[in-house]
Amino acid sequence: MLNKHSLSIPTIALHWITGLAFIGVFALGLYMGELTPETGKFQIMGIHKSLGALILIVALIRIVWRLKEGSIPPASPVAVWQDKLAKAIHGILMLATIAMPISGLAMSVGGGRGADIFGWQFIAEGDKIVWLQELGGSIHGLSVNIIIAALVLHIAGAIKHQLVEKDGTISRMLGRAS
Ligand code: HEM
Ligand code: HEM
């Protein structure tokens with residue numbers, strides 16, 4: 001049931017599975033940029049791509065769940081603008097969990113490499129589709145700074161609510177009573 005004091009188990013489980021995996025895959029993506037083929041760039045890229053594709057599946061389930069359940073209420077009364085900002089950031093983050101894998105897949109498929117999850121090829125290799133590769137690459141790369149800003153605001157807002165306003169925002173997302 002949706003109320004101020006508790007969140008449903010699917011909401012909590014889907015938030016942490018997608019959120020923590022997203023942060024991990026995001027960090028791997030940035031780390032890949034520092035690597036060369038000699039220092040394992042392509043092995044890390046393979047893990048990045050496989051985990052990224054898996055995130056797409058969980059993220060789609062999460063969006064269906066959110067549409068079914070409706071948006072979660074704030075843990076304590078907040079100004080209208082704050083509620084709107086928090087919800088806009090949730091929307092950006094949720095969009096990012098599908099836009100990043102889809103644009104990554106577009107880059108890979110457009111590059112003629114198809115797509116696989118830890119060796120299981122679910123899109124076959126094929127001809128290069130340059131526009132698809134370029135579009136995917138642009139979305140994947142240009143989203144990075146927007147996502148960092150949204151994540152900083154999201155996490156800082158959650159910590160402020162938990163520690164300053166003491167309204168149990170993070171405890172509630174951990175399934176604990178405030
Ligand atoms: C350590 C990092 C994180 C913390 C501490 C955190 C904390 C929270 C908290 C406390 C809420 C509930 C907000 C409320 O009560 O109004 C929430 C909701 C949400 N978070 Fe996070 N979050 C983190 C990472 C992420 C990441 C990486 C994403 C997505 C990429 C994400 C996406 C969302 C979304 C979409 C919601 C809205 C509720 C839902 O639909 O599940 N969070 N987060
Ligand atoms: C939630 C999923 C994903 C996230 C958060 C993510 C994030 C990132 C980030 C932050 C970078 C570094 C970008 C930069 O430094 O400008 C990156 C690079 C890359 N990602 Fe992803 N990614 C995801 C999924 C995927 C998927 C599914 C694929 C392909 C199947 C993929 C393929 C790539 C490739 C090929 C690069 C290197 C791009 C280049 O040549 O610079 N990513 N990703």
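The values are calculated or read from the model by the stated rules, or taken from the named source; none is laboratory data. This structure is a prediction, so every number in the text was calculated from the model and none was measured. Here Cβ is always computed from backbone atoms with ideal geometry, including for glycine, and neighbour counts include all displayed protein chains.
Going by the conditions given, is Gly126 farther than 21 Å from Thr18 by Cβ, outside any helix (DSSP H, G or I) and without any contact (Cβ under 8 Å) to a residue 60 or more places away in the chain? Yes; evaluated as a whole, the condition is true for this residue. Of the residues making up segment 87-127, just one is touching a His at 6+ places or on another chain (Cβ under 8 Å) and either β-branched (Val, Ile, Thr) or more than 22 Å from Val58 (Cα to Cα) (or both), namely Ile89.
The condition (being loosely packed, with under 13 Cβ neighbours inside 10 Å, in a helix (DSSP H, G or I) and either among the β-branched types (Val, Ile, Thr) or more than 13 Å from ligand 1 (Cβ to nearest atom) (or both)) is satisfied by just one residue among Ile139, Ile159: Ile159. Tell me yes or no: at least one residue of segment 52-67 is aromatic (Phe, Trp, Tyr), away from ligand 1 (no atom under 14 Å from the Cβ), over 17 Å from His154 (Cβ atoms) and assigned to a helix (DSSP H, G or I). Within segment 52-67 (the criterion being aromatic (Phe, Trp, Tyr), away from ligand 1 (no atom under 14 Å from the Cβ), over 17 Å from His154 (Cβ atoms) and assigned to a helix (DSSP H, G or I)), the answer is no, since none of the residues qualifies.
Condition check for Ser76 on (1) among the polar types (S, T, N, Q); (2) at pLDDT below 95; (3) within 11 Å of the chain's Cα centre (by Cα): one failure, at (3). Residue pairs whose Cβ atoms lie under 6 Å apart, sitting 6 or more positions apart in sequence or on different chains, and linking a residue in segment 89-103 that is farther than 26 Å from Asp116 by Cβ and assigned to a helix (DSSP H, G or I) to a partner that is among the small types (Gly, Ala, Ser) and near ligand 1 (Cβ under 9 Å from one of its atoms), are Ile89/Ala150; Ile92/Ala150; Leu93/Ala150. Residues that are of a type outside the set (D, E, K, R) and farther than 30 Å from Lys166 by Cβ do occur in segment 64-78.
Out of Pro10, Pro37, I need the residue that is near ligand 1 (Cβ under 10 Å from one of its atoms) and more than 14 Å from the chain's Cα centre (by Cα). Which one?
Pro10
Residues of segment 59-75 being more than 10 Å from ligand 2 (Cβ to nearest atom) and aliphatic (A, V, I, L, M), which ones? Spell out the reasoning first.
Just the residues of segment 59-75 that are more than 10 Å from ligand 2 (Cβ to nearest atom), to begin with: 60-75.
Answer for segment 59-75, where residues must be more than 10 Å from ligand 2 (Cβ to nearest atom) and aliphatic (A, V, I, L, M): Leu60, Ile61, Ile63, Val64, Leu67, Ile72, Ala75.
With respect to the conditions (1) at pLDDT 95 or above; (2) closer than 26 Å to Val64 by Cα; (3) within 15 Å of ligand 1 (Cβ to nearest atom), Arg176 lacks only one, and its number is (1).
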